[in-house]
1. According to the square roots a ≥ b ≥ c of the eigenvalues of the Cα gyration tensor, what is the shape class of region 32-117, taking rounded for a/c under 1.5, prolate for a/b larger than b/c otherwise, and oblate for the remainder?
2. Quick one: putting +1 on the C-beta of Lys and Arg, -1 on the C-beta of Asp and Glu, what dipole do you get for region 28-161 around its Cα centre, in Debye to the nearest 20?
3. Any idea what the dipole of region 219-349 comes to, in debye rounded to 20, about its Cα centre with Lys/Arg Cβ at +1 and Asp/Glu Cβ at -1?
4. State the answer as a single residue: which of T293, C230, F346 lies farthest towards the positive end of the charge dipole of region 219-349, with beta carbon charges of +1 for Lys and Arg and -1 for Asp and Glu, about the Cα centre.
5. Set the bar at 28 Å for Cα to Cα. Now go through K102/K159; K30/K281; K282/K329; K63/K92 and name every pair that lies beyond it.
6. Take each of the peptides 88-94, 242-248, 290-296, average the number of other beta-carbon atoms within 10 Å over its residues, and list them starting from the highest.
Amino acid sequence: MAKWGEGDPRWIVEERPDATNVNNWHWTEKNATPWSKDRLHQLFQDFKIGQSDIECAVDSVDKCSGEATVNNRKGKLIFFYEWELVLKWSGKLLKNSKLIHKGKLTIPNLSEENELADVEITVTIDESNDESETLKQFMYNVGRDRVRQQLASYIRELKEEYSKNLILPKKGDEAGAGNTVANFKDANNTRNAAQNIALNSSVAAPRLKNSGIGCKLDVRTLSMTEEFHCSANDLYNALTKPEMVTAFTRAPAKVDAVRGGEFILYGGNVLGKFEELVPEKKIQQSWRLKNWTSGHYSNVVIELEETSSSTMMSLKQTGIPASEFDAMKTNWYRYYWHSIKQTFGFGTSISDAL
């Protein structure tokens with residue numbers, strides 16, 4: 001999983017050689033969905049699969065549903081893609097070349113979360129008889145491997161060709177812009193997942209707050225709710241037990257869940273102290289990103305309410321630097337709530353909340 005806060009700072013740390021995104025510290029995102037749809041259609045256009053006395057082909061892409069993005073995070077590329085594909089195929093036995101049989105290949109889970117070998121491909125035929133079953137078995141044994149090779153081409157091109165120039169040259173290193181392939185990072189443990197659970201967020205009016213070091217910060221307040229299919233005790237433990245926090249952050253975590261106890265997560269990019277703890281009910285923290293202005297902490301209050309079938313989590317975070325607000329809303333969802341559901345199975349139906 002990519003580390004929260006690694007490259008999130010929005011302020012300038014040195015002069016910009018190209019007037020944009022100095023040293024690639026900003027989070028930048030490129031929508032790869034239109035390109036991906038076109039490329040997937042191209043890869044399977046007139047795609048033939050033959051062997052011995054069998055001849056099959058993919059006739060068309062009947063369904064191509066999903067999305068793909070490429071993100072630059074502190075000079076590293078992170079890829080999110082999720083596709084559901086349905087391919088129409090036809091085939092014939094060469095000894096009876098006049099009789100053509102048709103069917104479908106269904107690929108429901110092409111995403112960065114799954115190894116290509118684990119991507120499910122189901123083979124169906126429109127009408128069952130001895131010849132069509134022979135062709136179906138051929139497509140299962142041989143055709144699926146050939147289809148995976150095409151999917152591998154799409155993934156490789158997404159990472160190596162489409163993503164060129166997303167990482168900009170650093171100061172004094174304009175010639176290095178062509179070396180993006182060596183810099184990309186495929187964050188398989190993260191995912192821009194589709195979510196069916198409502199994620200509600202609201203923005204309080206901006207206000208100025210003294211940072212404690214002689215200057216005023218423009219700060220905002222974030223409120224959000226999320227539903228988890230577990231008990232309040234399970235969710236409380238996931239947020240306070242070191243071994244559980246380590247599991248969903250995919251990195252060593254320091255968590256001393258007592259009043260005044262410290263927590264350090266995501267390689268030191270998230271840190272703070274526990275201010276109040278009420279088991280199964282409430283967690284209050286002084287919370288900051290490492291790259292925030294020195295000495296500035298936000299206040300995070302997490303409240304849990306158990307229902308008959310789930311637990312509702314409500315979060316209120318005050319004192320967020322205004323320049324960080326949009327990223328904060330996304331990161332709480334991606335690196336906490338979605339990751340907790342994915343790791344511990346606390347969420348069954350998921351919709352896109354980003």
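1. prolate
2. 340
3. Numbers: 14 positive and 14 negative charges, 85 e Å.
Around 400 debye, computed over region 219-349.
4. The one lying farthest along the dipole's positive direction is T293.
5. Working: K102/K159 34 Å; K30/K281 40 Å; K282/K329 20 Å; K63/K92 23 Å.
Listed pairs above 28 Å: K102/K159; K30/K281.
6. In decreasing order of mean packing, 88-94, 242-248, 290-296 become 88-94, 242-248, 290-296.
Values in this text are rule-based calculations from the coordinates and carry no lab data. These numbers come from a predicted model, not from an experiment. For neighbour counting, all protein chains shown are included, and Cβ atoms are generated from backbone atoms with ideal geometry for every residue, glycine included.
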